[in-house]
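The values are calculated or read from the model by the stated rules, or taken from the named source; none is laboratory data. Treat the numbers as computed from the prediction; the structure is a model and nothing was measured. Virtual Cβ from ideal backbone geometry, glycine too; neighbours counted across all protein chains shown.
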Amino acid sequence: MVLVTGAAGKTGLAVINALKAHNKGVRALIHREAQVNRVTSAGASEVVIGDMRDQALMHEAMSGLRKVYHICPNVNPDELTIGKLAIEAARENHISHFVYHSVLHPQVEMMPHHWLKMRVEEAIFESGLYFTILQPAPYMQNILAGWDAIVSSGIYTFPYHEATRLTLVDLMDVAQVALNVLTTPGHAGAIYELCGPDALNQIEIAAIIGDRLGIQVSTQQIDRLDWERQAKERGLGTYQIESLLKMFDYYERFGFIGSSSVIDWLLGRRSMSFSAFIDELVRPKIV
Ligand SMILES: NC(=O)c1ccc[n+]([C@@H]2O[C@H](COP(=O)([O-])OP(=O)(O)OC[C@H]3O[C@@H](n4cnc5c(N)ncnc54)[C@H](OP(=O)(O)O)[C@@H]3O)[C@@H](O)[C@H]2O)c1
């Protein structure tokens, strides 16, 4: 049985699905009662509900278990506090393997949410825990948030220059790696950078989508002020908005590129390319 924190988010659900497919039991730490069905449908057999900033809850969630897969909510100002609470609870419960879902290039101070993950990694090093850290690139699945609009309008939008290159990774591949490190030996003290094989710019991404859909897909950079207004309308907080704006700026100036060598080695195959990911998305489903 593995505790998965942040279990009802897209990462948590993918990790639960991967564990379930290999008959590994999951206890899910979720935020709200309304998320119970989501995680039990994915395969969690036990559920703990509450706030990760609550030390007693963290302790209870790990009670009687040996393994933890810690996922902090995305762009969270309390990431370091939550990370330290998770580490402390893991030590108290004598957790034998603590896996932390970090991010590609946490070393970048210019992106506050990455820098907080670096600080959590530092606390893990000092904890004495048997640990593994995964550092995924942005997911290919992030494209899905705007998928219907791309299909209906033929316009792919993003809040940075169209020349910005990213090595997007398939979340399902990341979840397979999570399963692999949780269930096979040899990952003590390891830090794994997880990136897809292509460093595509936004024009190349639009071209692949257009080719697979059989339509012309053009690119459109969203004005940052418009993005900020829409983010406020969606209920994003100040920390989230400021951090994401800094991230867009960083992506645009430097790109966000890593290597797929490590994920290929961990999977024992080539990781998903962006074109194969879109192929799978548009392939008619047999029901
Ligand atoms: N998205 C990417 O491309 C990407 C790439 C690399 C790494 N990551 C990292 O992956 C992690 C997970 O991202 P995600 O998008 O899957 O997560 P997410 O959608 O933010 O989901 C996390 C879950 O945590 C819950 N939550 C929020 N605040 C909580 C609290 N105080 N206590 C307990 N639970 C709480 C959320 O519930 P509510 O709905 O109630 O808020 C949600 O169900 C993040 O740390 C992110 O940095 C993401």
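Applying the selection to the stretch 63-83, what residues are more than 14 Å from the ligand (Cβ to nearest atom) and not in a strand (DSSP E or B)?
Within the stretch 63-83, Ser63, Gly64, Leu65, Arg66 qualify.
Could you list all residues from the stretch 57-72 that are surrounded by 18 or more Cβ atoms within 10 Å (Cβ to Cβ), of a type in the set (A, V, I, L, M, F, W, C) and farther than 13 Å from Tyr130 by Cβ?
Pass one, the stretch 57-72, residues surrounded by 18 or more Cβ atoms within 10 Å (Cβ to Cβ): 58, 61-62, 65, 67-72.
If we keep only those that are of a type in the set (A, V, I, L, M, F, W, C) as well, we get 58, 61-62, 65, 68, 71-72.
Of everything in the stretch 57-72, those that are surrounded by 18 or more Cβ atoms within 10 Å (Cβ to Cβ), of a type in the set (A, V, I, L, M, F, W, C) and farther than 13 Å from Tyr130 by Cβ turn out to be Met58, Ala61, Met62, Leu65, Ile71, Cys72.
Restricting the first residue to the stretch 1-25 and requiring it to be closer than 11 Å to Ser45 by Cα, which pairs with a second residue that is among the charged types (D, E, K, R) meet a Cβ separation below 6 Å and a spacing of at least six or different chains?
What qualifies is Met1/Arg27; Val2/Lys67; Leu3/Arg27.
Working only within the stretch 1-50, note down all residues that are within 9 Å of the ligand (Cβ to nearest atom), within 17 Å of Leu171 (Cα to Cα) and of a type in the set (Lys, Arg).
Result: Lys10, single match.
Could you identify the single residue in Pro159, Pro136 that is under 27 Å from Val262 (Cβ atoms), buried (at least 21 other Cβ atoms within 10 Å of the Cβ) and at pLDDT 95 or above? I'd like the intermediate steps shown before the answer.
Working: Pro159 fails: under 27 Å from Val262 (Cβ atoms).
Exactly one of Pro159, Pro136 is under 27 Å from Val262 (Cβ atoms), buried (at least 21 other Cβ atoms within 10 Å of the Cβ) and at pLDDT 95 or above, namely Pro136.
Could you grab me the full set of residues in the stretch 106-164 that are among the hydroxyl-bearing types (Ser, Thr, Tyr), touching a helix residue (DSSP H, G or I) at 6+ places or on another chain (Cβ under 6 Å) and assigned to a loop (DSSP other than H, G, I, E, B)? Break it down stepwise before answering.
Just the residues of the stretch 106-164 that are among the hydroxyl-bearing types (Ser, Thr, Tyr), to begin with: 127, 130, 132, 139, 152-153, 156-157, 160, 164.
Applying the additional criterion that residues be touching a helix residue (DSSP H, G or I) at 6+ places or on another chain (Cβ under 6 Å) yields 127, 132, 139, 156, 160, 164.
The answer is Ser127, Tyr160, Thr164.
Out of Leu134, Leu166, Leu129, Leu116, I need the residue that is within 12 Å of the ligand (Cβ to nearest atom) and within 23 Å of Ala18 (Cβ to Cβ). Which one?
Details: Leu166 fails: within 23 Å of Ala18 (Cβ to Cβ); Leu129 fails: within 12 Å of the ligand (Cβ to nearest atom); Leu116 fails: within 23 Å of Ala18 (Cβ to Cβ).
That would be Leu134, the only listed residue that is within 12 Å of the ligand (Cβ to nearest atom) and within 23 Å of Ala18 (Cβ to Cβ).
Which pairs turn up if I take residues in the stretch 216-231 that are closer than 12 Å to Ala206 by Cα and look for partners that are among the small types (Gly, Ala, Ser) and surrounded by 16 or more Cβ atoms within 10 Å (Cβ to Cβ) with beta carbon separation below 9 Å, at least 6 apart in sequence or on another chain?
So the pair list comes out as Gln216/Gly210; Val217/Ala206; Val217/Ala207; Val217/Gly210; Ser218/Ala206; Ser218/Gly210; Thr219/Ala206.
Which one is farthest from the ligand (Cβ to nearest atom), of the residues in the stretch 169-210 that are without any contact (Cβ under 8 Å) to a residue 40 or more places away in the chain and in a loop (DSSP other than H, G, I, E, B)? Give the derivation first.
Within the stretch 169-210, the first condition is being without any contact (Cβ under 8 Å) to a residue 40 or more places away in the chain, and the residues that meet it are 184-186, 201, 204, 207.
Of the ones still in play, those that are also in a loop (DSSP other than H, G, I, E, B) are 184-186.
Numbers: Thr184: 22, Pro185: 25, Gly186: 23 Å.
Among those that are without any contact (Cβ under 8 Å) to a residue 40 or more places away in the chain and in a loop (DSSP other than H, G, I, E, B), it is Pro185.
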